[in-house]
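Right, one structure below, let's go through it.
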Amino acid sequence: MKVSYYPGCSLENTAVDYAASIAGITPLLDVELEEIRDWNCCGATAAHSINQELALALPARNLMNAEKMGRDVVAPCALCFNRLKVAEKALKNPEGNPLGLSYPGTIKIWDLLDYLTQEDYLQILAQKVARPLTGLRAVSYYGCLVARPPAMTDKTDHENPQNMERLLEVLGATPLDWSFKTDCCGAGLSLSRPDIIDTLTQRLYERALAAGAECFVVSCQMCQANLDLTQERISKRFGQSYYLPVFYFTELIGLALGHPRVKEWLAKHLVNPLPLLQKKGLV
Amino acid sequence: MKKEDTPPMPEPRDKPLFPAFTLAARLSQDHLSPDACYQCRKCSCGCPLTFAMDLLPHQVIQLALLGQEEKVLASNTIWVCSSCETCTTRCPNGIDIAGVMDWFKEQAVTQKKAVPQPEVAAFHRFFLESIRAGQGRVAEAQLLRRFTFFKMRRKLDVRELRENMKLGWQLMKRGRMRLLGSPAPGGQREIQEILKLIKS
């Protein structure tokens with residue numbers, strides 16, 4: 001299946017590991033990704049915080065370009081997905097859109113996790129699992145913006161999404177229940193108010209450990225960065241020695257399907273997942 | 001109660017509740033009407049950032065209804081809100097509370113108010129300017145550099161600086177930081193037209 005793809009800026013920068021794992025596993029599922037032509041930044045938190053007009057115009061251009069390509073569009077970044085959906089709602093407003101654009105709206109916007117956990121793909125995955133992730137105890141961390149607000153994202157399970165857990169089961173891992181799967185990690189403030197991030201993220205570490213987790217699984221590169229890059233700093237600040245590797249769900253798909261380049265992707269993390277995977281006999 | 005005993009829903013108002021110049025009416029014009037708030041505090045109960053706020057989210061809405069624009073504009077709350085959208089999602093009256101927070105931030109910027117959280121405001125501004133510098137895509141490394149200098153000029157925190165430089169090096173070593181940013185996308189004429197919306 002061929003779909004349009006909106007990688008977003010950070011997949012070309014801090015989240016190159018996410019980008020590489022997506023490029024690695026999608027062919028195994030017969031998913032062909034074609035980048036939206038000449039895509040631009042969605043404006044992210046900054047635009048919708050201080051410049052509403054820009055916050056619509058930027059994603060609207062991407063959506064118009066995707067529409068021209070005529071295929072559904074998938075976004076791996078939660079915020080990019082969210083802004084595309086906000087632009088879609090604005091462009092489809094029956095009272096006319098503020099940008100004066102004519103948008104037929106024939107395509108669907110997906111976040112990557114939802115797209116790859118459709119029933120058909122889960123079945124293909126179940127058949128292709130070469131090395132089940134037996135014994136890997138993980139909490140799914142969805143973050144905020146793929147789900148909220150549902151009036152924009154059109155999600156129905158926004159308080160308690162389950163599809164990452166279903167995926168982990170298919171891959172043979174042990175998904176754990178916890179109450180913080182959609183709680184905020186504060187990523188938008190990670191540079192301007194690192195003290196706030198420390199508080200929010202440390203709470204997530206503690207709750208994950210209390211649930212019995214050995215690692216996080218995420219579908220958002222901002223969550224990944226916030227949980228992974230700060231772990232050393234937060235450990236120091238709270239006098240703890242947290243060790244909770246933070247996997248992208250796509251990396252775990254690659255690992256379970258025996259993709260040869262998984263170690264390259266994982267080597268880009270700051271919290272080295274290899275000791276955990278070695279302990280579990282998974283590498 | 002039998003079904004026919006249910007009182008009918010009130011007719012929608014044909015006139016706005018507040019005169020046009022009031023804060024609530026200005027918010028309503030931007031589809032952010034706070035009129036329906038009955039102060040149930042569900043927004044504040046679900047908000048993960050209250051520990052860093054001086055006004056709670058329901059108080060921001062209450063002050064908006066009372067026309068207390070200056071009080072809200074002077075608060076930390078609108079800037080430390082992380083836009084996680086929990087409040088907007090859960091409001092029983094459909095008020096877009098996170099949207100109201102954004103609206104006030106934009107007001108503070110356009111009215112050139114003194115912002116109590118200069119780091120947050122500067123980061124947003126630098127981010128938008130880095131989209132312009134990257135000709136449509138964020139120049140991440142440039143953004144980080146600029147923000148680091150901004151922070152150093154305000155207050156030199158040697159420990160934090162050392163930590164950040166170490167982190168930057170770790171990212172660079174792993175190929176997670178492109179010093180020169182992404183190549184500019186095509187469609188520059190269209191993109192430049194949109195980027196004109198970035199003031200300053």
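Data overview
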| quantity | calculated |
| --- | --- |
| Subset tally (residues that are under 14 Å from the mean Cα position of the chain (by Cα) and of a type in the set (D, E, K, R)) for the range B:106-122 | 2 |
| A:ALA225 under 23 Å from B:VAL80 (Cα atoms), under 17 Å from the mean Cα position of the chain (by Cα), among the aliphatic types (A, V, I, L, M) and modelled with pLDDT under 95 | no |
| 1 or more residues over 21 Å from A:LEU116 (Cβ atoms) and touching a residue at least 40 places away in the same chain (Cβ under 8 Å): qualifying helices (runs of 4 or more DSSP H) within the range A:221-272 | A:221-228, A:231-238 |
| Every pair of residues 6+ apart whose Cβ atoms lie under 8 Å, when the first sits in the range B:177-197 and is closer than 20 Å to B:GLN142 by Cβ while the second is in a loop (DSSP other than H, G, I, E, B) and charged (D, E, K, R) | B:GLY181/B:ARG137; B:SER182/B:ARG137; B:ALA184/B:ARG137; B:PRO185/A:ASP38; B:PRO185/B:ARG137; B:ILE191/A:ASP38 |
| The range B:147-186, residues that are of a type outside the set (A, V, I, L, M), surrounded by fewer than 16 Cβ atoms within 10 Å (Cβ to Cβ) and closer than 18 Å to A:CYS41 by Cα | B:PRO183, B:GLY186 |
| Residue within the range B:138-146 that is at the interface with chain A (Cβ under 7 Å from one of its Cβ atoms), buried (at least 17 other Cβ atoms within 10 Å of the Cβ), more than 16 Å from B:ARG125 (Cα to Cα) and β-branched (Val, Ile, Thr) present | no |
| Qualifying residue in the range A:142-150 (condition: out of contact with any helix residue (DSSP H, G or I) (no Cβ under 7 Å at 6 or more places or on another chain) and among the small types (Gly, Ala, Ser)) | no |
| Hits in the range A:68-89 - residues which are surrounded by 20 or more Cβ atoms within 10 Å (Cβ to Cβ) and without any contact (Cβ under 8 Å) to a residue 60 or more places away in the chain | A:ARG83, A:ALA87, A:GLU88 |
| Subset of the range B:111-125 (residues that are in a helix (DSSP H, G or I) and either facing chain A (nearest Cβ under 8 Å) or free of Cβ contacts under 8 Å to residues at least 24 places away in the same chain (or both)) | B:GLU119, B:VAL120, B:ALA121, B:ALA122, B:PHE123, B:HIS124, B:ARG125 |
| Sole residue being touching a Phe, Trp or Tyr at 6+ places or on another chain (Cβ under 9 Å) and at pLDDT 95 or above, chosen from B:ASN93, B:ASN76 | B:ASN93 |
| Index of the failed condition, A:PRO150 passing every other in (1) surrounded by fewer than 16 Cβ atoms within 10 Å (Cβ to Cβ); (2) more than 14 Å from chain B (Cβ to nearest Cβ) | (2) |
| Residues satisfying the stated conditions in the range A:136-164, i.e. among the basic types (Lys, Arg) and touching a Leu at 6+ places or on another chain (Cβ under 9 Å) | A:ARG137 |
| Qualifying residue in the range B:39-46 (condition: of a type in the set (Lys, Arg), touching a Lys or Arg at 6+ places or on another chain (Cβ under 8 Å) and either surrounded by fewer than 18 Cβ atoms within 10 Å (Cβ to Cβ) or modelled with pLDDT of 95 or more (or both)) | yes |
| Among residues of the range A:128-176, those that are touching a residue at least 60 places away in the same chain (Cβ under 8 Å) and acidic (Asp, Glu), counted | 1 |
| Selection within the range B:187-200 - within 16 Å of B:ARG125 (Cα to Cα) and loosely packed, with under 13 Cβ neighbours inside 10 Å | B:LYS196, B:LYS199, B:SER200 |
| Candidate set from the range B:23-49 (those that are free of Cβ contacts under 8 Å to residues at least 24 places away in the same chain and over 17 Å from B:PHE104 (Cβ atoms)); member that is farthest from the other protein chains (Cβ to nearest Cβ) | B:GLN39 |
| Failed criterion for A:LEU227 (all others in (1) within 9 Å of chain B (Cβ to nearest Cβ); (2) surrounded by 20 or more Cβ atoms within 10 Å (Cβ to Cβ); (3) within 18 Å of A:HIS269 (Cβ to Cβ); (4) not small (Gly, Ala, Ser) hold) | (1) |
| Residue among B:ALA64, B:ALA52, B:ALA74, B:ALA98 that alone is touching a residue at least 12 places away in the same chain (Cβ under 8 Å) and under 27 Å from A:CYS42 (Cα atoms) | B:ALA98 |
| Residue list for the range B:84-101, restricted to those being buried (at least 24 other Cβ atoms within 10 Å of the Cβ) and facing chain A (nearest Cβ under 7 Å) | B:CYS84, B:GLU85, B:THR86, B:THR89 |
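The values are calculated or read from the model by the stated rules, or taken from the named source; none is laboratory data. Note that the coordinates shown come from a computational prediction; the quantities given were computed from them, not determined experimentally. A quick note on method: Cβ atoms are made from the backbone with ideal geometry, for glycine too, and the neighbour counts reach across all protein chains shown.
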